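See below for the structure under consideration.
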Amino acid sequence: MDTPVEPDGRLRAFGNQLIEVHMWLREELDRLRANVDSHLDGGERTRNLRAHCLTFCSALDRHHNGEDGVAFPTLAEQFPQLRPVLEELERDHRLVAEMLRRLEDLADRFGTGDRAATKDTRNELEGLAALLESHFTYEEKRVVAALNSLIVPEWDGSRPDFLLTTPPSSEAHPSQ
């Protein structure tokens with residue numbers, strides 16, 4: 001995704017970028033769910049499914065870690081009234097991280113011919129999708145306006161991790 005620049009040279013408002021990242025994550029999750037369905041129907045190769053699953057998990061984890069480590073502290077400093085909201089979002093991040101760990105464990109079983117692992121993956125993805133939809137919607141309603149008003153010069157040179165939609169090359173998972 002290109003870095004959007006406004007006429008004054010500033011990056012597009014950070015909250016708008018957050019919505020774009022959430023849309024991208026939703027689309028990737030939908031693709032992953034479709035790939036799992038295809039695999040269950042005898043289509044998608046196990047290796048490709050595993051790589052897609054791990055790449056998605058890594059991207060979502062990077063996004064949430066970036067929010068917890070950079071975005072939320074910045075918001076809390078400039079908007080102290082948002083602290084309870086940010087704490088609730090961080091709790092969601094911990095729940096999502098647990099689900100991602102389970103997905104990664106299931107992905108490790110894809111190559112063993114364990115069809116139950118694929119079915120369990122589908123169920124786990126359904127739960128993750130429901131949690132993320134609720135989480136993203138709440139976050140967008142509660143913090144986008146504050147993010148849009150932030151001025152963080154160090155974010156203007158390059159996007160912080162929570163606003164990336166492609167992994168750094170060192171994070172890309174090989175198709176094992």
ask   = By how many nm would the segment from Arg122 to Thr165 lengthen if fully extended, with 0.36 nm per residue of separation less the alpha-carbon distance?
value = 13.2 nm
ask   = When the dipole is taken about the Cα centre of the stretch 110-164, and only Lys, Arg (+1) and Asp, Glu (-1) are charged at their Cβ, what size is it in debye, to the nearest 20?
value = 160 debye
message = Let's see if you can work this out: charge +1 on each Lys and Arg Cβ, -1 on each Asp and Glu Cβ, no other charges. What is the dipole magnitude of the stretch 29-176 about its Cα centre, in debye to the nearest 20?
response = 420 debye
request  = Could you tell me which of Leu125, Phe79, Ala34 has its Cα farthest along the dipole of the stretch 7-147 towards the positive end, charges placed at Cβ (Lys, Arg +1; Asp, Glu -1), taken about the Cα centre?
outcome  = Ala34
remark   = Taking Lys and Arg as +1 and Asp and Glu as -1, residues besides Glu90 with C-beta under 12 Å from its C-beta add up to -3
note = Measuring from its Cα centre, the stretch 43-95 shows a charge dipole (+1 at each Lys and Arg Cβ, -1 at each Asp and Glu Cβ) which, in debye to the nearest 20, is 420 debye
inquiry  = I'd like to check one number: the per residue accessible area of the stretch 57-111, probe 1.4 Å, reported in Å² as a whole number.
reply    = 47 Å²
task = Can you tell me the relative contact order of the stretch 54-162? Whole percent, Cα pairs under 8 Å, sequence separation 6 or more.
result = 43 percent
query = Of all accessible surface on the chain at a 1.4 Å probe, what whole percent is carbon and sulfur?
reply = 49 percent
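The values are calculated or read from the model by the stated rules, or taken from the named source; none is laboratory data. Everything quoted here is computed from the prediction, not taken from an experiment. Cβ coordinates were reconstructed from backbone atoms using ideal geometry, including for glycine residues, and neighbour counts include every protein chain displayed. Note: areas computed on protein heavy atoms with side chains; ligands, DNA, RNA excluded. Shrake-Rupley method; radii C 1.70, N 1.55, O 1.52, S 1.80 Å.
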